[in-house]
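Presented below is the structure to which this report refers.
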């Protein structure tokens with residue numbers, strides 16, 4: 001469960017990962033992700049995250065431009081269990 005929480009937090013911080021991807025993978029809606037972030041972050045980190053996410057159109061699939069169709073950046077390395085996989 002701790003590994004799942006770490007991965008959810010990581011996905012929540014990523015600019016291009018929409019809340020819908022978190023819901024599809026972990027079953028958490030946006031409000032539940034916000035509650036999880038609040039419970040598992042320092043207050044200053046949570047406030048910074050909320051400020052950062054409030055203006056991101058990429059965090060919601062419906063608001064994304066049509067040319068953005070991936071959950072991750074094409075330059076992002078493959079990540080497995082929070083470790084960068086060797087190629």
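Key figures for this structure:
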{"quantity": "Computed label-point distance, nm, for sites residue 40 and residue 2 using a 7 Å Cα→Cβ extension", "calculated": "1.2"}
{"quantity": "Fully extended contour minus Cα-Cα distance, from residue 23 to residue 10, at 0.36 nm per residue", "calculated": "3.3 nm"}
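Read-outs throughout are calculated quantities, based only on the coordinates presented, and are distinct from any laboratory measurement. What you see is a predicted model; the values in this text were computed from it and never measured. Note that each Cβ is placed from the backbone with ideal geometry, even for glycine, and that neighbours are counted across all protein chains shown.
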